[in-house]
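Have a look at the structure below before the remarks.
The values are calculated or read from the model by the stated rules, or taken from the named source; none is laboratory data. No experiment lies behind these values; they were computed from the predicted model shown. For neighbour counting, all protein chains shown are included, and Cβ atoms are generated from backbone atoms with ideal geometry for every residue, glycine included.
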Amino acid sequence: MSRIDLRSDTVTKPTDGMRRAMAEAEVGDDQYGEDITTNRLQERVAALLGKEAAIFVPSGTMGNQIALKMLTRPGDDVIVGQETHLVWHEAGAGAINSGVQFTAIGQGGCFTATEFVEACKPAWNSVMPPTSLVWIENTHNRGGGVVFPQGEILTILEAARARGIRSFCDGARLFNVAAISNQSLAELAAPFDAVSICLSKGLGCPIGSIVAGSREDMSRARRIRRMFGGVMRQSGILAAAGHYALDHHVSRLPEDHANARLIAERLAGSRGIELDLGIVQSNIVLFRLAPSVPDAAAVVARAQEEGVLVNAFAPRTVRAVTHLNVSTEECRRGADILARVVGG
């Protein structure tokens, strides 16, 4: 029995075309700035995001940690949304690498300009840690793939600039936002000092993320990447996958969104499942389990026995993610299995 893997959009395998592109990539030593394929990818993504420069890094977590260290000083305060990836899924790296603390505000990963202003701590107060950075994750993973409203982002960042506070967008799934909102990546990224995108999620690459911003910031980011061991050699083999994904996998993202909606609508009417269809906006389906049915660990184990892989996100919360390696029919069958497993 073939497995239906809905654990994450990071589980995708390179397509045959992507593998060929990787095998044929023109490469050099990126440490010396001589990898042509990597250089072109950095320039290409910087242009897509409307930024002056960009750097290629092995992972989204490294990209986030580089940005955090680049934009803060030890002892600073960083304002984030509730349950942001930076705080929940990076093994406490922000404390170790940058020595900052986090103030989480809002609900479901999003927050308002009013909430942001109320949470800001002034630099002149010798007792409080100064707020130096506002961090927005878009789409928001633990919020169920919800899109952060762009209008609210503009208002928040206007307030941030007025207070000398810098801004960063963890746009690991920003391509999904662009597909949903019909806004360009450059429009979405424009208000931020720096932004990242991930190549190994919805775009189906085996590895890699990109951080973009001003030339001055990216110069500092390159040094920090070196500190974190992120400098690579013939990285063009990996960058070639990124080029292929930009050429072939961006336009198909709405398929993932439609498949997630299919799963969500099937589960929403099922016994023991609590699911808000309003937050199912991209390729993530987050649902909670009523007290009357098995917990998340049991549901995950039972689903796996029937060939469906999902993740327990909390004791009574399960996450499913669609991607290019699962078909509409597999998503329909997977949703039926999940509904049966939960409802008994």
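Among the numbered conditions (1) assigned to a helix (DSSP H, G or I); (2) closer than 19 Å to residue 201 by Cβ; (3) not charged (D, E, K, R), the only one that residue 323 does not meet is (1). Of the residues examined, residue 105 is not one that is in contact with a Cys (Cβ under 8 Å, 6 or more places away or on another chain) and under 26 Å from residue 161 (Cα atoms). With respect to being hydroxyl-bearing (Ser, Thr, Tyr), surrounded by fewer than 24 Cβ atoms within 10 Å (Cβ to Cβ) and either in contact with a Leu (Cβ under 6 Å, 6 or more places away or on another chain) or assigned to a strand (DSSP E or B) (or both), residue 132 fits the description.
In the set (1) in contact (Cβ under 8 Å) with a residue 60 or more places away in the chain; (2) aliphatic (A, V, I, L, M); (3) assigned to a loop (DSSP other than H, G, I, E, B), the condition left unmet by residue 180 is number (3).
Yes/no matrix, rows are residues, columns are (1) under 19 Å from the mean Cα position of the chain (by Cα); (2) among the small types (Gly, Ala, Ser); (3) under 30 Å from residue 16 (Cα atoms):
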site	(1), (2), (3)
151	no, yes, no
156	no, no, no
184	yes, yes, yes
209	yes, yes, yes
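Is it the case that residue 19 is at pLDDT 95 or above, surrounded by fewer than 18 Cβ atoms within 10 Å (Cβ to Cβ), in a helix (DSSP H, G or I) and in contact with a helix residue (DSSP H, G or I) (Cβ under 8 Å, 6 or more places away or on another chain)? Criteria not met by residue 19. When residue 70 is tested against (1) outside any helix (DSSP H, G or I); (2) in contact with a strand residue (DSSP E or B) (Cβ under 8 Å, 6 or more places away or on another chain), only condition (1) is not met.
Restricting 98, 8 to residues that are over 30 Å from residue 183 (Cα atoms), surrounded by 15 or more Cβ atoms within 10 Å (Cβ to Cβ) and either among the hydroxyl-bearing types (Ser, Thr, Tyr) or modelled with pLDDT under 95 (or both) narrows the list to 98. If the condition is being surrounded by fewer than 18 Cβ atoms within 10 Å (Cβ to Cβ), touching a residue at least 12 places away in the same chain (Cβ under 8 Å) and under 29 Å from residue 254 (Cβ atoms), then segment 288-307 contributes 288, 306, 307. Restricting attention to segment 45-60, the residues being in a helix (DSSP H, G or I) and either out of contact with any helix residue (DSSP H, G or I) (no Cβ under 7 Å at 6 or more places or on another chain) or modelled with pLDDT under 95 (or both) number 4. Those residues that are aliphatic (A, V, I, L, M) and either farther than 18 Å from residue 284 by Cβ or surrounded by 24 or more Cβ atoms within 10 Å (Cβ to Cβ) (or both), I need them from segment 178-204; list them, please. Across segment 178-204, the qualifying residues are 185, 186, 188, 189, 190, 194, 195, 197, 199, 203. Please state which one of 151, 92, 75 is surrounded by fewer than 15 Cβ atoms within 10 Å (Cβ to Cβ), farther than 29 Å from residue 319 by Cβ, modelled with pLDDT of 95 or more and assigned by TED's automatic domain parsing to the domain that holds residue 194. Residue meeting the stated conditions: 75.
Meeting the requirement of 2 or more residues that are in the same structural domain as residue 303 (by TED's automatic domain parsing) and of a type in the set (Phe, Trp, Tyr), no strands (runs of 3 or more DSSP E) wholly within segment 183-290 can be named. Scanning segment 308-335 for residues that are touching a Lys or Arg at 6+ places or on another chain (Cβ under 9 Å) and surrounded by fewer than 16 Cβ atoms within 10 Å (Cβ to Cβ) gives 311, 314, 325, 332. Quick one: is residue 7 charged (D, E, K, R) and closer than 24 Å to residue 321 by Cβ? Yes; evaluated as a whole, the condition is true for this residue.
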